[in-house]
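A short write-up of the structure that comes next.
The values are calculated or read from the model by the stated rules, or taken from the named source; none is laboratory data. Owing to the predicted nature of the structure, the values given are computational and were not obtained by experimental measurement. Here the Cβ positions follow ideal geometry from the backbone for every residue, glycine too, while neighbour counts run over all protein chains shown. Side chains included, ligands, DNA and RNA excluded: accessible areas come from the protein's heavy atoms. Shrake-Rupley method; radii C 1.70, N 1.55, O 1.52, S 1.80 Å.
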Amino acid sequence: MRGREDEWTGLMRSAMAGDDAAYHRLLRAVTPVLRAAARRGLARAGQPPDQAEDIVQEILLAVHLKRHTWDSEAPFAPWLFAIGRNKLIDSLRRRGRRVFVNIDDFAETLPGEAPEETASAGEVAAQLNTLPQRQRDVLQSIAVESASIKDTAAKFSMSEGAVRVALHRGLAALTTKLRDQ
């Protein structure tokens, strides 16, 4: 452990002196250690370990943005792990006190939603024929033929507002009739 810490400190000193290769080697070296620490911290808090990667990214970003605050006379690892601890705490605070339960474990025992009852095409067509002609024409044009409000208005020599009113009234009437069945 001491050798690794000394290596990290040396790499960070080189990185601070402008050695980009040393900085990349440092980040590659610390990432697996940070990932394992984040997973352990999440597990201790009763949280799923799948959030560890986000925490690692936050730590690495903080190291990059705050590297100028590191004292080059001090060892690097304690500074790094302080950032890591703080980012883990921040993440846990954002998540709140939630207990993670994988729903896949209960998928077969949970009841599914009841399917909504739908009317058959024949029922809809029969009720559509009971609507006033103008509402029926507008519904047919827009809902069945997928015409726009503008095209429907031109087709039936109506204003766009009148088409919207006929559409709304026709849908409301049709919904009421189908619900009452």
Query raised in the report: Taking a spot 7 Å from the Cα of ARG136 along the direction of its beta carbon, which residues of segment 151-178 have an amide N less than 20 Å from it?
Result: 152-153, 155-158, 163-178
Query raised in the report: Can you give the convex hull volume of the alpha carbon atoms of segment 1-60 per residue, in Å³?
Result: 77 Å³
Report summary line: Distance in nm between LEU171 and HIS68 label points, each 7 Å along Cα→Cβ, equals 5.7 nm
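Measure off, as a whole percent, the carbon and sulfur share of the 1.4 Å-probe accessible area of the chain, all protein chains present. Walk me through the numbers on the way to the answer.
Details: 6410 of 12090 Å².
The C+S portion of the solvent-accessible surface of the chain is 53 percent.
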**Report entry** For the chain: rounded, prolate or oblate by the Cα gyration tensor [a/c cutoff 1.5]
**Finding:** prolate
Report task. Given the options GLY18, GLY46, GLY84, state which has the largest fluctuation in a GNM of the chain using a 10 Å cut-off (strictly under) for Cα springs. Result -> GLY18
Report task. Please work out the FRET efficiency for the pair SER14 and LEU61, using the Cβ-Cβ distance as r and a Förster radius of 22 Å; give the result to the nearest 0.05. Result -> 0.60
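So for ILE55, ILE83, what's the accessible-area order with a 1.4 Å probe, most first?
Values: ILE55 0, ILE83 25 Å².
Largest to smallest exposure gives the sequence ILE83, ILE55.
Extension gain ALA21-VAL33, at 0.36 nm per residue separation less the Cα-Cα distance, in nm? Can you show the working numbers first?
Values: separation 12, 0.36 × 12 = 4.32 nm, distance 1.94 nm.
Gain in length upon complete extension: 2.4 nm.
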Query raised in the report: In degrees from 0 to 90, rounded to the nearest 10, what is the angle of the helix 160-180 Cα long axis to the longest principal axis of the chain?
Result: 90 degrees
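At 1.4 Å probe size, with every protein chain present, just tell me what the per residue accessible area of the chain comes to in Å².
Working: 12090 Å² over 181 residues.
For the chain, the solvent-accessible area averages 67 Å² per residue.
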Requested in this report: Identify all lysines with a Cα-Cα distance to LYS66 below 20 Å; exclude those on the same chain that are fewer than 8 residues away in sequence.
Outcome: LYS87
**Report entry** Note, ³J(HN,Hα) from phi for segment 51-65, Karplus 6.51, -1.76, 1.60, rounded to Hz, x at Gly and Pro
**Finding:** 8, 4, 5, 5, 5, 4, 5, 5, 5, 4, 5, 5, 4, 5, 6
